[in-house]
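Participant: For reference, the structure I am asking about is given below.
All of the numbers you see were taken from the coordinates with simple rules; none came from a lab. Values in this document were obtained by computation on a predicted structure and should not be read as measured data. In this analysis, Cβ positions are derived from the backbone assuming ideal geometry, glycine residues included, and neighbour counts consider all displayed protein chains.
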Amino acid sequence: MSFDWIAIALSDVAWITLAFFMGLAARFIGLPPLIGFLATGFLLNAQGIVLGEFLDKLSDLGITLLLFLIGLKLDVRALIRPHVWGVASIHMVIVTVVFTGLLFLFAALGLPLVTGLDVQTAWLVAFALSFSSTVFVVKLLEERGDINSLHGRISVGVLIVQDIAAVLFLAASMGKLPSIWALGVIAALFLLRRLFYILLIRVGHGELLVLYGIILALGGAEVFEMVGLKGDLGALILGTMIAAHPRSDELSKVMTGFKDLFLLGFFLSIGMGGIPSPDMVLIALLLVPLVALKSGLFFVLFTRFRLRARTAVMAGQNLGQYSEFGLIVASVSVANGWLGHDCLIVLSLAVAFSFIGAAVFNRPGDRIYSRHREFWNRFQARELMADEQHVRFGEARIVIVGIGGVGSGAYDHMEQRFPGQVLGIDVAEDHAQQQLDMGRNVIQGDPTSADFWDRVRTPNQVEMIMLTLPSLATSLAVLRQLDDYAYGGTISAVARYPDEIPLLEAGGAALVFNIYTEAGTGFAEHVMASAKLRS
């Protein structure tokens, strides 16, 4: 009887444990855990350790689930807006042209590895560097609670346009057209949409829901691979098809933990792309400052498309790194003999270094904008798009920020006591519209933004602001803005965990309630009132 599997299992446990402690160390110094995972990959690679097929499968599964979850939150209408597809397309063309020229400049200066560079190689490397990282940006936005903010939605929209461009390149690089069945498969999936909805209702709220989500993601990817299309595109489309269902948000929440776990493999694989030489490290380090050109160009383009300066700064900041899709493009080019393997290692290093730089520069949130507000606002267009116009609170005395399950319940209760004097704010445009359709007075806005409060009109009569947000980071960001705004009314907030309460109080919340404790109290009071029990 062979016990080889025990040795394999123990080695897997060893590197997973190392990744855990490296991620924990990164968290202790204020960096995202993924920086620790990248460092783990470099460390294992330096020791000559090869993780093999298991790591590749983990990485592929993580990316597939990520794209499926992006699809679950995707509003297709957002992609057709000029400030999304227009900016993404123009940016990709300009960056590819400019970076191609810079690579030839490096070659003319006699830098190692780029001497004798030909046009095709320079163009492919520049094209690979034009992408921003879907994995990194979505993780960043989720951790900051900005995934549904205007700049977050725009960033994700730009990333999806870039991903589509990458998928088209990969399809062309295969040297063959998709199967004649491809259109039939896509049409069949849309015909099966109603069945997918029925199953989503019937699976309940437990393990079957998780399993169903994994089947949709992996099944969609597999079907697309069978007809000559990129599998990740299939996962994205399946997620998009389910996005309109009321339970899509629940499905997204239960699968997020699995996605985060499997993406560990992706971040490790970035660090294990190959053993770099000093020359490779030098070229990679020279490529990292060029990320600032990408972010700056995004800022200029977004402001020309009539976005506020703050939105443009935040979106450009979000997109300021190189991409895993660029590595995929490069690896396919290597396989086809268009690029040398050294280029792939250099790009892997550049991606990893750009992740570290992006993590550091994104830590302050919008402080980069807030500290130099007057400078950034010089570039702002005089006429802004509709989403960036003034905000009016009307006659509201009570404002509820975050109209989810808790927020909508709080809204209804306050509306009964103060009819016509309650206003809700939600960062998601579609959700705000749904609440309006249900008869609630709700507007769309991002209260974590200083610009939001600058746009507010008639705020003085607001006596209480209630924060019913799911993320501690988002609640603290709103509290910071209210402090800067010198709001003089009462602020209340909800906490999910006991250790969040002192943080919210220190941030300026006068009243903080544990959401689970208060749910029990409210339930008991409701039962007492309904059953009319005697004490």
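Participant: Considering the dipole of the range 21-115 built from charges on the beta carbon (Lys and Arg +1, Asp and Glu -1) around the Cα centre, which of Phe104, Ala46, Ser89 is farthest to its positive end?
Facilitator: Ser89
Participant: Let me ask something else about it. Among 102-108, 66-72, how do they line up by average Cβ neighbours within 10 Å per residue, starting with the highest?
Facilitator: Numbers: 102-108: 16.0, 66-72: 26.4.
Peptide ranking by packing, descending: 66-72, 102-108.
Participant: How would you classify the chain from its alpha-carbon gyration tensor, with a ≥ b ≥ c the square roots of the eigenvalues: rounded for a/c under 1.5, else prolate if a/b is greater than b/c, otherwise oblate? List each step's numbers first, then the result.
Facilitator: Details: a/c = 1.73, a/b = 1.45, b/c = 1.19.
It is prolate, given that a/c is not under 1.5 and a/b is the larger ratio.
Participant: Which value at 222 nm does the chain reach when only helices count, each DSSP H run of 4 or more adding -39,500 (n - 2.57), with the total divided by all residues and rounded to the nearest 500 deg cm²/dmol? Show your work: numbers first, answer last.
Facilitator: On the way: 26 runs with 350 residues, N = 535.
Only helices count here, giving -21000 deg cm²/dmol.
Participant: Within 10 Å of each residue's Cβ, count the other Cβ atoms and sort Asp232, Asp437, Asp454 from fewest upward. Working shown, then result.
Facilitator: Numbers: Asp232 26, Asp437 9, Asp454 15.
Ascending number of Cβ neighbours within 10 Å: Asp437, Asp454, Asp232.
Participant: Between Val281 and Ile164, 0.36 nm times their residue separation minus their Cα-Cα distance comes to what?
Facilitator: Working: separation 117, 0.36 × 117 = 42.12 nm, distance 3.01 nm.
Net length gain for the segment: 39.1 nm.
Participant: Residue separation times 0.36 nm, minus the C-alpha to C-alpha distance between Asn514 and Val254: what's the value? Intermediate values should be presented prior to the final figure.
Facilitator: Details: separation 260, 0.36 × 260 = 93.60 nm, distance 2.19 nm.
The span from Asn514 to Val254 would gain 91.4 nm if fully extended.
Participant: Which number comes out as Rg/Rh for the range 390-531 once both Rg and the Kirkwood Rh are worked out on C-alpha atoms? Don't skip to the end; give the middle numbers.
Facilitator: Working: Rg = 14.8 Å, Rh = 15.4 Å.
Rg divided by Rh gives 0.96.
Participant: Another question, if that's okay. Kindly express, to the nearest 10 degrees and within the range 0 to 90, the angle between helix 248-271's C-alpha long axis and the longest C-alpha principal axis of the chain.
Facilitator: 30 degrees
Participant: Could you check the spin-label model distance between Arg202 and His341? Points 7 Å from the Cα along Cα→Cβ, value in nm.
Facilitator: 5.1 nm
Participant: Let me ask something else. By how many nm would the segment from Gln47 to Glu395 grow when fully extended, if each residue of separation counts as 0.36 nm and the alpha-carbon distance is taken off? Can you show the working numbers first?
Facilitator: On the way: separation 348, 0.36 × 348 = 125.28 nm, distance 6.58 nm.
Net length gain for the segment: 118.7 nm.
Participant: Please order Tyr322, Tyr369 by the number of other Cβ within 10 Å, starting at the fewest. Please report the intermediate quantities before stating the final value.
Facilitator: Details: Tyr322 31, Tyr369 23.
With the sparsest Cβ surroundings first, the list reads Tyr369, Tyr322.
Participant: Please sort by residue number the trypsin sites (Lys or Arg not before Pro) in the range 222-264 whose DSSP state is loop and whose Cβ has at most 16 other Cβ atoms within 10 Å. Please list the in-between numbers first.
Facilitator: On the way: sites: Lys230, Arg247, Lys253, Lys259; in loops: Lys230, Arg247.
Sites meeting the loop and neighbour criteria: Arg247.
Participant: Can you tell me the relative contact order of the chain? Whole percent, Cα pairs under 8 Å, sequence separation 6 or more. The partial results should precede the final answer.
Facilitator: Values: 745 pairs, mean separation 86.8, N = 535.
Reported relative contact order: 16 percent.
Participant: Cα axis of helix 193-202 to longest principal axis of the chain: angle in degrees, 0 to 90, nearest 10?
Facilitator: 60 degrees
Participant: For Lys253, go through the aspartates and glutamates and keep the ones whose alpha-carbon is under 12 Å away, minus same-chain ones fewer than eight residues off.
Facilitator: The reachable aspartates and glutamates, counting only those whose Cα sits under 12 Å from Lys253, are Glu142.
Participant: Against the longest principal axis of the chain, how steep is helix 150-173, in degrees 0 to 90 to the nearest 10, with axes from Cα atoms?
Facilitator: Around 30 degrees separate the two axes.
Participant: May I pose another question? Taking the Cβ of Gly234 as the center, what net charge do the other residues with Cβ under 15 Å away carry, scoring Lys and Arg +1 and Asp and Glu -1?
Facilitator: Values: positive: Arg193, Lys230; negative: Asp60, Asp163, Glu222, Glu225, Asp232.
For residues surrounding Gly234, the net value is -3.
Participant: What spacing in nm lies between the two simple spin-label points modelled at Val93 and Ala381, each 7 Å away from Cα in the Cβ direction?
Facilitator: Distance between the two pseudo-spin positions: 1.8 nm.
Participant: Taking the Cβ of Tyr212 as the center, what net charge do the other residues with Cβ under 13 Å away carry, scoring Lys and Arg +1 and Asp and Glu -1? Don't jump to the answer; show the numbers that get you there.
Facilitator: Numbers: positive: Arg202, Arg247; negative: Glu207, Glu250.
Net local charge, Tyr212 excluded: 0.
Participant: Next question. For every other residue with a beta carbon closer than 13 angstrom to the beta carbon of Phe418, add +1 if it is Lys or Arg and -1 if Asp or Glu, then tell me the sum.
Facilitator: Charge balance near Phe418 sits at -2.
Participant: Excluding same-chain residues fewer than 8 positions from Lys139, which aspartates and glutamates have a Cα within less than 15 Å of its Cα?
Facilitator: Asp260, Glu324
Participant: Going by C-beta contacts inside 10 Å, put Lys73, Lys57 in order with the fewest on the left.
Facilitator: Starting with the residue having the fewest Cβ neighbours, the order is Lys57, Lys73.
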